[in-house]
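A.B. asks: Handing you a structure now.
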Amino acid sequence: MPSRGLPPSSSTTPPHSSAHTPASLPSHSHTSHVYSSPSNIEGRAIPLSTLSQSASKAHGYADEDDEELDPESTGALLRQHIRDSAEDETTNNDTESIGPFRRLAGLMSKAPLLLRSAPGFGTGSYGAVPIGASTENSDEEELDITKKEGRRKESRLRNTISSGTLGSRSGDSTRRRPSNARRKSSTDDEDVPLESRLGMKGIPIPNTEQDSTDSSDEAIDDASTTNEEDPPDNSPYPQVRASVSAVDNTALSINTPRMWVLSLLFAILGSSTNLFFSLRYPSVSITPVIALLLVHPLGLLWDRVFKRRNDPIEEFLDGFKIASADTNYEHKGKWRRARLWLGQGRWNEKEHSCVYISSNVSFGFAFATDVIVEQTHFYNQKVSITYQLLLILSTQILGYTFAGLTRRFLVRPGGMIWPGTLMSAAMFTTLHKEENTVANGWKISRWKFFFIVWASSFAFYFLPGLLMPALSYFSVVTWFFPKNVVVANLFGVASGLGLFPVTFDWAQIAYIGSPLLTPFWAAMNVVGGLVIVMWVLAPIAYYKNLFFSSYMPILSSAVFDNTGKIYDVSKILTDDFLFDSEAYHKYSRVYLPITYVLSYGLQFAALASLLTHTACWHGKDIWRQWSRSLKEVGGETKTAYTPLNAVDGGRLRRSDSNMENIISQEDVHNRLMKRYKDAPMSWYLVTFVSMTAVGMFVVEYYPVHLPWYGLLLALGICSILFIPIGIVMAITNQQSSIYLICQLVCGAVFPGRPVANMVFVTYGYISSAQGIKFSADLKLGHYMKIPPRILFSVQMAATVVSSITQIIVLNWMFANVPRICTPQAVNGFVCPLARVHFNGSILWGVVGPKEFFGRNATYHALVWCFPIGAIAPIILWLYARNKKGNVVRKINLPVLFGSLSWIPPATGLNFSVWALVCYLFNYVIRRRAGAWWAKYTMTLSAALDSGLAFGLVTVFFGFVYPGLMEGFKWWGTEIYKRGCDWNACPWKVVPEGQHFGPDTW
């Protein structure tokens, strides 16, 4: 197996010539370099057959006359080293330490596991400051020291050679167990390939400008200062170094039938299942992390079924099969040929990454399906299958083009770390690697640690998720004063501000994203917004009855009429679902809870500050990268792969608090990716133009009532805000949303057109949201060293297949689920999310923003949040731009303003307890036990998230869906429901027959 035969190394390029002839070496241009060494061995990549005659014989290599080689040649020196140290290498093979920063575990999708009905539909814009790199030198020094202590002394062979690596043959691995099995004992060493006995390390070839006559001893001395595990241009961010390997194995198989079958299988299953349950209440979402875990045993099973010990040797380069030692392949039987074709390569971390990325693309149901549901069942429009397919494909793929066109800004720079991908990257290492190091006295491997935490998380979820929900809604203060409205407002967790931050449910803690993956100072930005706005301003405004808010709950995702009841949208619509202005003026204005009002104001300020903050701190960098992009589009080739000159390049600063130039910062991962053929910019441009044309056809030909220039306006909003939103997401794992601004713009420009409002939001907001998701996947492929062209194919195929699958499933449900999307629907298929979005289309598309924010409207004052948000970042930038160590530089106003758009439906509890956990792990433990933090934190996050996901699915399908829990009640299932917190009691009650607010409007 490639991952066992030749693990990730600086570069692993298989020889292009036959393995039987040591003299036939690939040219220097085909050698992949990680960094340069002060010595040179003629710039050649040496095949394994030159290193060990016995190893060659053991794997079918031709016997070579080694005595004819120059005894002073590189091959002779390497063989002499092997003979001298074979026993020592074999003895230490299983225990060789690679260092805690090589791998750690990663992060599941930020989206909530349970789909909740909310007007924003996951429009969280919680966030934090860009990580220019920590200013805490002591932390970095401690981590580096720990890493050095944990790393074993490099062998003389590895120090002699330091740049390219030898090719790996997947056929070697057919004689060994899969990668998750233990290595054979030393008595079986004759069956283990040479590269496996060398401690799972690729053998790099030096490439410098020294004369070829330099002796190997001189090379050893010069190269001893370089470490392939931590090259000088390694990422300056500790969380990246802890999760992503700084070496690459280019000989792993990627483009195989196994990868494609599993990718498309999970794309179909995940997209269809999540769409099915999105139309049901209560609902459950199957997250991509489930696919990450489930597909691994399937990949191993595939190898067991289709691989044989006597299969011919295979060679892979950049993921593609390039050669086979089986000269009689065409003369084999049909079954053998089919089996060999299906069994290409070995299941490895790169194939695993492609399957996961395919799942991540497809598991979230397409927002366009909600538009189709609303058109067919709420607006009674008849839409054809062609319209449905064109709508869903154009909206999904447009997001991908935005991601591809902005790769230079959001994916390639080392400063764009995308914390959400680090858990996944580390999980692949946990599942596919076997190395283990001692971290602050902890000897347990990451895999065992993951399994223990996963099993514990899965088992424990039955308590808060099924048997005792009071552990989830642990508002113990309100239990003692159930009827006290003030106590419920301040300490409640269902409709209160969550001033008592205690819960025993990881679903509550990680509702806005895993706290283990957010830097502590970034979480402080989020908490700063929570404290100032929700814990100080909100209670003051509420109890002073600002905007008549005292007549409504202090926190709710619903909107209300002037009697304090939930707004009945049906009263202002005609039988044809058109806006009835007369009925509206007879009924009531729309009123919002105070936290909803403040959330809107903060989103206005966040959107304005997003532009000025990005322009101030990253404007020069963006312009520089934009100029390079124009040259790339103009036909100039991408910068060629070159080894790093350790002397000239130096080590990237790891204690730099400067936020400038992070977009132009290149690290080892960007350098390694330059060896692969890039997906041309023209591919994305052609896709963008074609999908835009499809979208214009959809809005003009079908009864959407949105003109073609309305579509261009939606895409224009997305284009302007995409890079700023992506920068914030890439450095903080917090996403800003343009959902609200799209609703407002369309409502103002095209009033009275609810369907047009929905489609406008779909093309504007979903293109942005999908694009950000695709950018994160591109970064994951960047970290895992997936060739860009393969990644392009995987993402496009998964998008198309999942879109078609969802349309098929949706129409099947329309035809086979009785009374779907009605209160009388069988088994709860009432389409809750579509109903919420329908209400939003009425409020913003029919009633319109003018009724909310116009000159005489109730919430006109919120308009001032736009100029405030635009000016404030400029003031902070002018103050702190030349003060490198000033704490003001860590204040990110787009994050501080936008962090609370999750409220509602999130509550103060979700933020406060999230921040406490972040403080514990990313501040306390990271300072006091840096090695433990580096080794286990990402794994812990992955285990908790995936254990929760499996627990949710098991509880829902095993107990809730069959109705086994009906009638199950006791104190632990009812105590949190007794009182004002659960019932959302208002501070003031409207007397019967009266109303608040103006009589006319």
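A.B. asks: Is there a pair in Lys571/Lys969; Lys586/Lys977; Lys779/Lys850; Lys350/Lys448; Lys483/Lys586; Lys850/Lys890 whose C-alpha atoms are over 30 Å apart, and which pairs would that be?
C.D. replies: Where the Cα-Cα span goes over 30 Å, the pairs concerned are Lys571/Lys969; Lys586/Lys977; Lys779/Lys850; Lys483/Lys586; Lys850/Lys890.
A.B. asks: Hey, another quick one. Provide the three semi-axes, in whole Å and in decreasing order, of the ellipsoid equivalent to the stretch 248-318 as defined by the square roots of 5 times the Cα gyration tensor eigenvalues.
C.D. replies: Taking √(5λ) for each eigenvalue gives 33, 13, 10 Å, largest first.
A.B. asks: Could you state the per residue volume, in Å³, of the convex hull enclosing the Cα atoms of the stretch 436-545?
C.D. replies: 136 Å³
A.B. asks: Restricting attention to the stretch 909-1001, which trypsin sites (Lys or Arg not before Pro) occupy a DSSP loop and are surrounded by at most 10 other Cβ atoms within 10 Å?
C.D. replies: Here the trypsin sites (Lys or Arg not before Pro) that fit, given the DSSP loop and packing criteria, are Lys969.
A.B. asks: On to the next question. Under a plain spin-label model, where a point goes 7 Å from the Cα along Cα-to-Cβ, how far apart in nm are Trp864 and Glu992?
C.D. replies: Going by the 7 Å Cα→Cβ label model, 4.1 nm.
A.B. asks: Mind listing the phi-derived Karplus ³J(HN,Hα) values for the stretch 525-537, rounded to whole Hz, using 6.51, -1.76 and 1.60 with θ = phi - 60°, and x for any glycine or proline?
C.D. replies: Couplings: 5, 5, 5, x, x, 4, 5, 5, 8, 8, 9, 10, 5 Hz.
A.B. asks: A further question on this structure: I need the fraction of alpha carbon pairs in the stretch 767-867 separated by more than 24 Å, rounded to a whole percent.
C.D. replies: Value for the stretch 767-867 (Cα pairs over 24 Å): 58 percent.
A.B. asks: Something else now. Report ³J(HN,Hα) in whole Hz for each residue of the stretch 298-313, in order, from the Karplus equation J = 6.51 cos²θ - 1.76 cosθ + 1.60 where θ = phi - 60°; Gly and Pro get x.
C.D. replies: Running phi through 6.51 cos²θ - 1.76 cosθ + 1.60 with θ = phi - 60° gives 5, x, 5, 5, 4, 4, 5, 6, 9, 9, 10, 5, 9, 5, x, 5 Hz.
A.B. asks: In whole Hz, with x marking every Gly and Pro, tabulate ³J(HN,Hα) for the stretch 391-397 from phi via Karplus 6.51 cos²θ - 1.76 cosθ + 1.60, θ = phi - 60°.
C.D. replies: After applying 6.51 cos²θ - 1.76 cosθ + 1.60, I find 5, 6, 5, 5, 5, 6, 6 Hz.
A.B. asks: Along the positive direction of the dipole of the stretch 656-806 (beta-carbon charges: Lys, Arg +1; Asp, Glu -1; about the Cα centre), which of Met796, Leu685, Leu778 reaches farthest?
C.D. replies: Met796
A.B. asks: For Asp248, which sequence-distant residues (separation of 5 or more, or a different chain) have an amide H within less than 5 Å of its own amide H, given hydrogens modelled in the peptide plane?
C.D. replies: Ser9, Ser10, Ser11
A.B. asks: Moving on to the next point. Can you give me the pair-distance distribution of the stretch 354-482, C-alpha pairs, 5 Å bins, whole percents?
C.D. replies: For the stretch 354-482, the binned pair fractions read 2, 7, 9, 10, 11, 11, 11, 13, 13, 8, 4, 1, 1, 0 percent.
A.B. asks: Can you give the accessible area of Val527, probe radius 1.4 Å, in Å² rounded to 10?
C.D. replies: 30 Å²
A.B. asks: How big is the stretch 385-434 on each of its three principal axes, counting only the C-alpha atoms and giving the largest first in Å?
C.D. replies: The principal-axis extents, from largest down, are 50, 27, 13 Å.
A.B. asks: Can you pull out the trypsin sites (Lys or Arg not before Pro) in the stretch 796-893 that DSSP calls coil and that have at most 13 other Cβ atoms within 10 Å?
C.D. replies: Passing sites in the stretch 796-893 are Arg819, Arg855, Lys883.
The values are calculated or read from the model by the stated rules, or taken from the named source; none is laboratory data. This is a predicted model, so every value here is computed, not measured. For neighbour counting, all protein chains shown are included, and Cβ atoms are generated from backbone atoms with ideal geometry for every residue, glycine included. What goes into the accessible areas is simple: the full protein's heavy atoms, side chains included, and nothing from ligands, DNA or RNA. Shrake-Rupley method; radii C 1.70, N 1.55, O 1.52, S 1.80 Å.
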